[in-house]
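A short worksheet on the structure shown next.
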Amino acid sequence: MRRLTALLLTGWLASLAGALPAQPAVVQGFDVQVPFSPVQSDADGTWQLVYELHLTNFAGRSIIVDRVRVTAPDGAEIGEAEGDALAGWMGHVGTREARDRRTIPPGARSLIYLNLPVSRAPSAVAHRIDFHFADGEDRAAGQLTLPAIRVDARAPLTLGPPLRGGPWAAVHAPEMPRGHRRVVYATEGNARIPGRFAIDWVRLDAEGRMAPPGATRLDQYYGHGAEVLAVADAVVAAVRDDMAEAETLAAVPRVSIGDASGNYVTLDLGGGHYAFYEHLRPGIGVRPGQRVRRGQVIGRLGLTGQGSEPHLHFHVADANSVLGAEGRPFVLEGLTILGRYPSIQAFARGGQWLPPSGPSPRRPHTPGPNAVVRFPD
């Protein structure tokens, strides 16, 4: 774990009254951690650096983050945000986001979620954080420059399709406060984001509907019962198959986070990579230790655990733990982009998606937020 500590933060603050001009003020500030190294992700053929900064306020008063600037080793700017744009990058731990996201109260932790487009990933990234105190006699501005952090240079894992045919909506939205990207779990002694690159796959018809109008039963949804496929030659690492499936959406029970994934299959892909398939129907046909081949049926799409409609939750992580692992990037072969919804709100409203802005990337890639895709039959 990378740890960058600023508990006694010495910045170029305005000198306190009576202090010598040559002596900068020493103030209690915040601790910054980068527990997950920046990694490269390919969304719709555009490369991004993806990672988080964890900021914990050790001062006795609120700190407001004014600006974050990210640079390469040669000083070239990779990303910068302030004001509302910066607020969009930030999220609080243990709250429903009722307060200003840029304000970190005493003792609280906030995360800065970084998804930075890059034409070529740098070897490392450096950060400058500008801030000020929200109240008290000294509201002076401060600046913290962090040591460079090395970028994980490994390419995303290349996988086969998890489903057949289409159209399938690739539902994910990095900006959602309670979306996969921003849900932190601390269930095994460490804070982890297993769904950092997770996608919920929802089957649609040609008009963009998930089910016929007025549908109430799970089996009326177009994706329900679809065959779920192994994305690579792999070994089954874990299976859960003890949760019953409700007949109607109204009968889907509320569950704890330990049961939110529902019935699932985990595949050991090798090299410290594990693929997770969640919310499967009961009656999974594989068992732990079994070897499977790419394209083999390993389960069927359903709605067990937590969800609003039948779908397949799919992600890759670095350990055989549903909640206690870090999500890892991946790309998929064989998909064709049919279009996209401009936002997750537009997807939820239903209706026809927008046409693609250009041809599908020829190389394996991950569909961008709320894209609509087709897999080979």
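Any read-out appearing in this document is the output of simple, stated calculations on the displayed coordinates, not a laboratory observation. No experiment lies behind these values; they were computed from the predicted model shown. Every residue, glycine as well, gets a Cβ built from its backbone with ideal geometry; the counts of neighbours run over all protein chains shown.
Things worth noting here:
- Our helix-only sum for the chain, with -39,500 (n - 2.57) per DSSP H run of n ≥ 4 divided by its residues, gives a mean residue ellipticity at 222 nm of -1000 deg cm²/dmol.
- The phi torsions of the range 307-312, fed into the Karplus equation with coefficients 6.51, -1.76 and 1.60 and a -60° offset, translate into couplings of x, 9, 7, x, 6, 10 Hz, rounded to whole numbers, with Gly and Pro shown as x.
- Near Ser62, the amide H atoms lying under 5 Å from its own belong to Ala134, Asp135; only residues 5 or more places off or on other chains count, and H is placed 1.01 Å from N.
- Under-5 Å amide H pairs with Met176, H placed in peptide plane, nonlocal only: none
- For Asp74 and Val235, the FRET efficiency from 1/(1 + (r/R0)^6), where r spans their Cβ atoms and R0 equals 45 Å, is about 0.55.
- Pairwise FRET efficiency - Arg164 versus Ser119, Cβ, R0 = 25 Å, nearest 0.05: 0.15
- Given 15 as the ceiling on other Cβ atoms within 10 Å, longest exposed-site-free region of the chain for GluC sites (Glu not before Pro) in DSSP loops: 1-96
- HN-Hα J in Hz across the range 226-237 - Karplus 6.51, -1.76, 1.60, θ = phi - 60°, x for Gly and Pro: 4, 5, 9, 10, 5, 8, 6, 5, 7, 10, 5, 8
- Sequence-distant residues sharing a close amide H with Gly223 (under 5 Å, placed H): Arg203
- Separation between Cα centres of the range 136-212 and the range 32-65, rounded to whole Å: 12 Å
- Gaussian network model of the chain, Cα within-10 Å springs - most flexible of Asp135, Asp31, Asp233: Asp135
- Relative contact order for the chain, counting Cα pairs under 8 Å that sit 6 or more residues apart, in percent: 16 percent
- 3J(HN,Hα) from dihedral phi, the range 141-151, Karplus parametrisation 6.51/-1.76/1.60, rounded to Hz, x for glycine, proline: 7, x, 9, 10, 10, 9, x, 5, 10, 6, 8
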